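Beneath this line is the structure, given in structure tokens, with notes to follow.
The values are calculated or read from the model by the stated rules, or taken from the named source; none is laboratory data. Values in this document were obtained by computation on a predicted structure and should not be read as measured data. Note: ideal-geometry Cβ built from the backbone for every residue, glycine included; neighbour counts use all protein chains shown.
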């Protein structure tokens, strides 16, 4: 968080200070939400809902703690809720629609670069078979580079659960990738 952001002013309802907080954290929260949800609209919704929740709960923010993990925890919880509620819009007959993976895997151009929409689609296809917890843990460890301790702090999960969910996620994703590379 920016040193110029004053938690006490935010707690007192200072909207300008809250705007500084949003500006300092919005991009990071959006990237996390996009990686977890694999949907730009959902990620924007998560960002909005996260900061609304922070504003609603501003009076209960602990002055002595860093607010960034608090915001990230709210965002991850919003993502988790969304994943649990989300209809399987990327599924066809109970199986993820990963037909485009064959095209990506079979592309012989060495300079093939995925644009943002393709990257989001690829991430969604790879993670679509994961449970919400597996998807969150995989995203935070493998894509965001967070340690197990950091994931535990943000999600409230214990390290054993994190390791187990990560292991299952890796195996499922490896299976999807092998299916299209062999």
Problem set entry | Options 126, 114: the member that is modelled with pLDDT under 85, in contact with a helix residue (DSSP H, G or I) (Cβ under 8 Å, 6 or more places away or on another chain) and surrounded by 19 or more Cβ atoms within 10 Å (Cβ to Cβ) | 126
Exercise. In segment 27-42, is there at least one residue being assigned to a helix (DSSP H, G or I) and more than 22 Å from residue 125 (Cα to Cα)?
Worked result: yes
Exercise. Scanning segment 1-18 for residues that are surrounded by fewer than 13 Cβ atoms within 10 Å (Cβ to Cβ) and assigned to a helix (DSSP H, G or I), which turns out modelled with the lowest pLDDT?
Worked result: 8
Problem set entry | Which numbered condition residue 27 fails, given (1) outside the structural domain of residue 139 (by TED's automatic domain parsing); (2) modelled with pLDDT under 90; (3) surrounded by fewer than 13 Cβ atoms within 10 Å (Cβ to Cβ) | (2)
